[in-house]
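Worksheet: the structure to be examined is printed underneath.
The values are calculated or read from the model by the stated rules, or taken from the named source; none is laboratory data. Note that the structure is a prediction, hence the values are computed from the model and not measured. So basically every Cβ, Gly included, is an ideal-geometry build from the backbone, and we count neighbours across all protein chains shown.
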Amino acid sequence: MVEAAGREKPIRVTGAEAKLLKREVLGVPDRIKHQQRMAVPMQRRTPGADTHQRVYRYRCYPTPAQADQLVKTFGACRWAYNEGLALRDKAWREHRVSFGHADSCRALTGWRNAEETRWLQEISSAVLQQALRHLGAAFGRFFQGSGRQPKRKRKGRSRDSATYVRSGFRWAEDPERPGTGLIALAKQSGPLRIRWSRPLPAGVLPVKLIVSRDRARAVGAARGTTEM
């Protein structure tokens, strides 16, 4: 007779029990259903065959007030990433509950409304959601076997950056210098000063901005990099 011993696969909690754990134990608000809103079929935004996304890098020179706000934004993105990571780990390790990007975004709503973390309201919610999206993408690569398990980001050891999607910035092209213009980031009153070392190609509109901190000098010294 042969006896085989093995480790049982943990049972994942789903359904109403998982929803209750997320709400009562993990502090994640329930999904708000818009019952009075007419249902609209989802439309997939599939890029055309000739559509390509390219990265253009430019040096930016924020004012002292903009630099201070960017420093807060970098710290808030790192905080949201780490808190999202801790919450995902706790959900699975202690309760066997899967945690996705939508759950993280609802948790972010709770953090922004909580008294002790209300300072997050000073930062664009779209930017913080992008930090959580990066966390979800890191977990996706890990589960697919193409990346390492996500770890906490440490101040001074990880790249200081913030990702702004179209809802997080305003773009106004200069009619006299096509391919250049004014870019105003969310939560900032004035446009960000950018040195246009070369104009954007004709017909190109920025759809995403990644503002990162220059390693050689602090953002407070009015230096940084903008990718679009």
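For the reader, a short list of remarks on this structure follows.
- Number of the condition not met by Lys153 [criteria: (1) basic (Lys, Arg); (2) in a helix (DSSP H, G or I); (3) touching a residue at least 12 places away in the same chain (Cβ under 8 Å)]: (2)
To keep it simple, each residue is scored yes or no on (1) among the acidic types (Asp, Glu); (2) at pLDDT below 95; (3) under 14 Å from Leu85 (Cβ atoms).
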| position | (1), (2), (3) |
| --- | --- |
| Gly110 | no, yes, no |
| Asn113 | no, yes, no |
| Leu120 | no, no, no |
| Gln130 | no, no, no |
| Leu135 | no, no, yes |
| Lys155 | no, yes, no |
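- Filter result (of a type outside the set (Lys, Arg), more than 30 Å from Ala184 (Cβ to Cβ) and buried (at least 20 other Cβ atoms within 10 Å of the Cβ)) within the range 88-106: Ala91, Val97, Phe99, Asp103
- Checking Leu192 against (1) out of contact with any strand residue (DSSP E or B) (no Cβ under 7 Å at 6 or more places or on another chain); (2) in contact (Cβ under 8 Å) with a residue 40 or more places away in the chain, the condition it does not meet: (1)
- Qualifying residue in the range 122-130 (condition: over 20 Å from Arg31 (Cα atoms) and more than 14 Å from the chain's Cα centre (by Cα)): yes
- Within the range 80-102, being touching a residue at least 40 places away in the same chain (Cβ under 8 Å) and under 14 Å from the mean Cα position of the chain (by Cα) holds for Ala80, Tyr81, Asn82, Gly84, Leu85, Ala102.
- Boolean, Gln121 is assigned to a helix (DSSP H, G or I) and touching a strand residue (DSSP E or B) at 6+ places or on another chain (Cβ under 6 Å): no
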